[in-house]
Structures are given as structure tokens and as C-alpha cells.
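The values are calculated or read from the model by the stated rules, or taken from the named source; none is laboratory data. Note that the structure is predicted; figures quoted are calculated from it, not measured. Quick reminder, even Gly has a Cβ in these numbers, built from the backbone with ideal geometry, and neighbours come from all protein chains shown. For the accessible areas, the whole protein counts, side chains as well, though only heavy atoms, and no ligand, DNA or RNA atoms are used. Shrake-Rupley method; radii C 1.70, N 1.55, O 1.52, S 1.80 Å.
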Amino acid sequence: MLERKGFNPRQLTSARIARGMSMKDLAESAGISRQMISNYESGKTVPKADNLLKITSVLKFPRSFFGVDVPELNAGATFFRSQSAATKKIRDMQKERLKYFFEVYKRLSTYVNLPQVNLPELVEKDVYEITEEEIVEKAMELRKIWGMDIVSPVGHLIRLAEKNGVVIAETTISDKKLDAVSRWIVDRPFIMLTDNDESAVRRRFNVAHELGHLILHNAVESIHDYSSQDLNNIIEKQANLFASHFLLPSEAFAESLLSTSLEYYKDLKRHWKVSIQAMIFKTYALDLINDDQKLYLNKKISWNKWKTKEPYDDEIPVEKPSLMKQVYQMIIENDVIPRNELNNSFRLPVDELEKMIGVRILGTDEGDQAPVLRLIR
């Protein structure tokens, strides 16, 4: 972040959007007129100390945030998991957080070398020209360069992705209509996961889906170049296909499918760590069941109330990002920079920072530690 004296109106707009508030919402919560908020954001007026305090109290952003300049992200498309259902408000909230996350990454990476990006050559085609054969090829290529065979289940997917240069974080946003967001920033892929308390298998599919976007859709300059229907039918379908082929290689999955009963799918779920519903879809895509069988299985899932919560969802551990936490702890443990100085340099709300990095920020002041006592002998 570049230092700027005084007040940067763009930062107020950014913080307000990140909190999912309209000007009217902020005005009412802060006890300031909407016109005044508009004047602040347009740069016509600089808020006085008392009004700035009211605004920071509502938005929960540190005062220093409003005096710097966070650059906009470079040109390129930002992809949203559950695109069709996600509202513009939620998408905009995540886009702002992605911008903050990049600033956190830049700060941490000045002290520690992060893993090099290790992904297949990116597809540089119009989305209408990408074939399923190419998607399968890229999914298998990713397995190969990540040191995997083409028959085994993917282990800890997030750890594997981080090891190969993908930067992943969780956010404070909880919205069932949006699971994840991803994009290339400069020369590195970033994925941010929504805090939806999703199952382990859903999170794994979300990450694989975003990897699909990052590898297949590099030629997409903006998702707004495509209609909503195009996004659903083309871009999202392609990312889903990539995730399915990556997590469930067709031949290996077919070999493991000894029965199409729901009881057997439950056993397969433990093996492949993929949802029962995704495996049924894969079975149908491989022409191993017909329309009637697929309909019957899906009706059974609805009857069992497994649409949103399947068997073993409480047993399979949910994967968490850890790369940023490791980098942060390495900096602190090696006394590169004092903890509080590093924390303050991010100029972000504590809740956002703790979620992005995966560490506790509050209550970590070394001065708060208990004194060391020894018995007198």
C-alpha cells in the first residue's frame, strides 16, 4: 500500500462495499446524512475527526486504512463459484477482500519466498472452442505435474495446491449463494473461500472448480463479456467438468464402481472424498446408468434428506489453508519484524486479517504474557 496524507475517498467506498453496505446503510448506522457520505466518497469533502470516528466505528476498519491507496487489481477476470445465484452485492464484497488479500500476500512475500507456481500451460482459447477432451487432458496433466497418479483419490487438496504456488484464504463472508472466488493477480493464482460451514467434500469440489477456472479460462478478460446464460452453460460447466475429472478420473472411478446402490456410494464417498451427488452425476456422464436410474437415485437422496447434508459430512475433516499462517509465523518466530508492527502494517480489520492468515491477532501482545516465576530454594 502506498502512503498518502490525509483521507483517500476511494478507501471509504472500498470499506463500505466490503461490509456490504449502501451509502444509505452507512449514513443511518453512523448518524451522518447520506449526502455527506456521498460527498466524502466523491472527494468533495474530507470528514472531520468526529465523523471519521463514527464511520470507522461502524465499518470496523482501522483509521490508517483510510489514509492509504490500495491499487485496483490488474486486468483479468474474477470467477465466482455459484455465479448464477450470487448477488452483485456479495460478488463485490468478495472482490474487495481479494484486493486486500493480495496486499497481505505482497507484504508477507517481501520476507519469505513462497512456492513457485506449478500449473499446466494455461488454455488461451475462446471458451466456446474448449472441448471436453482438452479439459480431461488438463485435469490429468495437473495430476501428473503435482506428482499424482491417475487412479488414486486426491489427498489434502488445499495443501497440495498451496505447495504448488496457489495462494488460498478464507474470508469472513457467509453466503450460501457464493462458495469461492478466484483469479490470477500479476503472475500468481489466488482463491478465496467463503465461510459457509460447508462439508469437506463440497469445499474440495469448490477448490477443484476454481483450479479449473484458473487453468482453462485465462483468455477470459471479463466475465461481463458473457451473458448469464453463457456463464452457466459454458464457463461454469467447464470448471465443473475439470473438477469432476480431476477428483474422479473416469477409468479409475468406473473400476471402483462395483454397485450403484446408495449404500455403496456411501463407501465410495469415504474413498474418493467426493459427494454422493457428484459421483452419481459422474456415473451418469460415463453412461453407466440411464435417465431412469439417475432419477431414482436422486429421488432417494431427496427422500433421505441428503440434498444439503450427506452421510459422513461430519466425519471427513474440512481442509483449511495453511500457507499464509506458516509464512506469518516464520516471520514472527525469526524476529524479522515485531508482531504488532507487522499486524499494524496491514491496516485491515482484525476479523478480516485473522481469517485471511489463519492466526489469532488479538491477545498476542508479548507484553501481556505472564511473568516467569521461580521458587526460592
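Worth pointing out:
- Scanning region 97-119 for residues that are surrounded by fewer than 18 Cβ atoms within 10 Å (Cβ to Cβ) and within 21 Å of residue 142 (Cα to Cα) gives 114, 115, 116, 117, 118.
- Residue check: residue 42 meets all listed conditions (1) open to solvent by less than 40 Å² (accessible area, probe 1.4 Å); (2) out of contact with any Phe, Trp or Tyr (no Cβ under 7 Å at 6 or more places or on another chain) but one, namely (1).
- Single unsatisfied condition, residue 348 versus (1) open to solvent by less than 20 Å² (accessible area, probe 1.4 Å); (2) modelled with pLDDT of 95 or more: (2)
- Residue count for region 330-344, restricted to those that are assigned to a helix (DSSP H, G or I) and surrounded by fewer than 14 Cβ atoms within 10 Å (Cβ to Cβ): 5
- Lone unmet requirement of (1) modelled with pLDDT under 95; (2) open to solvent by less than 20 Å² (accessible area, probe 1.4 Å); (3) farther than 29 Å from residue 145 by Cβ; (4) among the β-branched types (Val, Ile, Thr) for residue 127: (3)
- Scanning region 41-59 for residues that are at positive phi and in a helix (DSSP H, G or I) yields no hits at all.
- Residue 278 being in a helix (DSSP H, G or I), small (Gly, Ala, Ser) and within 28 Å of the chain's Cα centre (by Cα): yes
- Counting only strands (runs of 3 or more DSSP E) wholly contained in region 135-242, the ones carrying 2 or more residues that are more than 18 Å from residue 318 (Cα to Cα), touching a helix residue (DSSP H, G or I) at 6+ places or on another chain (Cβ under 7 Å) and modelled with pLDDT under 95 occupy 180-185.
- Residue list for region 281-300, restricted to those being touching a residue at least 12 places away in the same chain (Cβ under 8 Å), surrounded by fewer than 17 Cβ atoms within 10 Å (Cβ to Cβ) and in a loop (DSSP other than H, G, I, E, B): 286, 288
- Residue check: residue 325 meets all listed conditions (1) surrounded by 16 or more Cβ atoms within 10 Å (Cβ to Cβ); (2) part of a helix (DSSP H, G or I); (3) outside the structural domain of residue 96 (by the TED database) but one, namely (1).
- In this structure, residue 55 does not qualify as open to solvent by 30 Å² or more (accessible area, probe 1.4 Å), under 24 Å from residue 353 (Cβ atoms) and β-branched (Val, Ile, Thr).
- Restricting region 177-197 to residues that are open to solvent by 20 Å² or more (accessible area, probe 1.4 Å) and farther than 16 Å from residue 79 by Cα, the residue that is farthest from the chain's Cα centre (by Cα): 187
- For residue 138, the test of being surrounded by fewer than 19 Cβ atoms within 10 Å (Cβ to Cβ) and either in contact with an Asp or Glu (Cβ under 7 Å, 6 or more places away or on another chain) or in the same structural domain as residue 100 (by the TED database) (or both) is failed.
- Selection count, region 260-275, where residues are part of a loop (DSSP other than H, G, I, E, B) and open to solvent by 40 Å² or more (accessible area, probe 1.4 Å): 3
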